[in-house]
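Values quoted throughout were computed directly from the atomic coordinates according to the rules given, and no laboratory measurement underlies them. None of the values given here were measured: they were computed from a predicted structure. Please note: Cβ atoms are built from the backbone with ideal geometry, for glycine as well, and neighbour counts cover all protein chains shown.
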Amino acid sequence: MTAIDVTDATFETDVIEKSKSVPVVVDLWAPWCGPCKTLGPIIERVVDATDGAVVLVKVNVDENPALSQAFQVQSIPAVYAMKDGAIVNGFTGSYPEHVVKEFVESLLPSASDVAVSELITAGDEDSLRTALEMEPGNEDAIVALGELLVAAGDTDEALQLLARIPESDRTRKVAASARVGHAPSDDYDEQLTALLDDVKTDDDARQKFIDILELMGADDPRTADYRRKLTARLY
């Protein structure tokens, strides 16, 4: 696989976004840098050997000063590994192939990671429970199993499961479904209007109001208006 030449303009797409689905190795170099010419082919061979499990991008620091500044490069070659939009490892200088290989292989998923991923992809309840036995805090597995439990009416277990991990946009929606259920969208106005008088003094009413807004979602044109009404009642 050929390395991708990245510029200041393409970094967001080719590195930040790409690293959310696959580890990306960023090689910062310059044409005049002797050690860069030695290291470059080594990195390319090692990354090629992963068969696409790791992606290599190259940044000419002379032509892309903004990226050089962003990485706070003091000397080159400088190599960084990125996952999920963040730097997770790196080194400066030229190293022999076995060292580079260890660096790249550390980015690859373990056998356990692969097994958990396959179980989550299967998506049935038994597979998801097995995935959580292997990795109790896996958000993907928790959210997927939580959705299945809510659909089956096991709302208490779903909420207990979601409590294992920090709240996020994904967990809030599943939790809201567990607490409120799947009321038809044309019932929301009636429910929200009825709850509005109690949101200041009744914690349960306030939580239900917030949960319904979560289920409606930001794209529903009524959501912003009801949020303003909630704020007015609370403050």
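Under a cut-off of 12 Å between alpha-carbon atoms, report the aspartates and glutamates in cross-link reach of K18, not counting same-chain residues fewer than 8 places apart. Within reach: D84. When the Cα positions of A218, T231, Q191 are compared along the charge dipole of the stretch 183-235, T231 comes out farthest toward the positive end, with charges on each C-beta of Lys, Arg, Asp and Glu.
The longest stretch of the chain left intact once loop-based GluC sites (Glu not before Pro) with at most 14 other Cβ atoms within 10 Å are removed from consideration, loops following DSSP, is 64-166.
Among the listed pairs K58/K83; K20/K101; K173/K200, those whose Cα-Cα separation exceeds 19 Å are K20/K101; K173/K200.
The chain has equivalent-ellipsoid semi-axes of 48, 23, 13 Å, by the square roots of 5 times the alpha carbon gyration tensor eigenvalues, sorted largest first. Around the Cα centre of the chain, unit charges on the Cβ atoms of Lys, Arg, Asp and Glu (plus for the first two, minus for the last two) sum to a dipole of about 820 debye.
The DSSP beta bridges internal to the chain are antiparallel in roughly 60% of cases.
In this simple spin-label approximation, T121 and K20 carry label points 7 Å from Cα along the Cα→Cβ vector, and these lie 2.0 nm apart.
Per-residue extension of 0.36 nm, minus the Cα-Cα distance of D219 and D113, leaves a gain of 34.7 nm for this segment.
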